[in-house]
Amino acid sequence: MFEAAIAISILTALVTFIRVIVGPTHADRIVAASVIATMIFALIVLLSVSLDEPAMLDVALVYAVLQFVDLIVYAKYLGGRSAR
């Protein structure tokens with residue numbers, strides 16, 4: 001069961017990576033990168049449960065916080081850029 005969820009998450013991240021490369025605007029690329037980061041977070045959680053390694057959940061939470069901060073920085077950059 002976990003193997004199928006891991007495979008689907010990896011496939012979704014790979015398909016979304018096309019949007020990061022081709023995306024017509026910066027906002028599309030940022031949203032796609034955020035989706036990929038969310039898929040990586042889900043993969044870490046699934047691996048943690050699958051391998052029965054609770055320490056990996058802490059890693060996943062730190063990764064999610066860093067991803068959120070990264071998204072805020074990008075939003076601030078684009079907000080300041082379009083205002084000028």
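The values are calculated or read from the model by the stated rules, or taken from the named source; none is laboratory data. What you are looking at is a predicted structure, and each value in this text was computed from that prediction instead of being measured. A quick note on method: Cβ atoms are made from the backbone with ideal geometry, for glycine too, and the neighbour counts reach across all protein chains shown.
Assorted remarks:
- Residue in segment 22-40 that is out of contact with any Cys (no Cβ under 8 Å at 6 or more places or on another chain), within 18 Å of Ala4 (Cβ to Cβ), surrounded by 15 or more Cβ atoms within 10 Å (Cβ to Cβ) and aliphatic (A, V, I, L, M) present: yes
Every residue, every condition in (1) at pLDDT 90 or above; (2) of a type outside the set (Gly, Ala, Ser), yes or no:
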{"residue": "Thr16", "(1), (2)": "yes, yes"}
{"residue": "Asp28", "(1), (2)": "no, yes"}
{"residue": "Ala64", "(1), (2)": "yes, no"}
{"residue": "Leu71", "(1), (2)": "no, yes"}
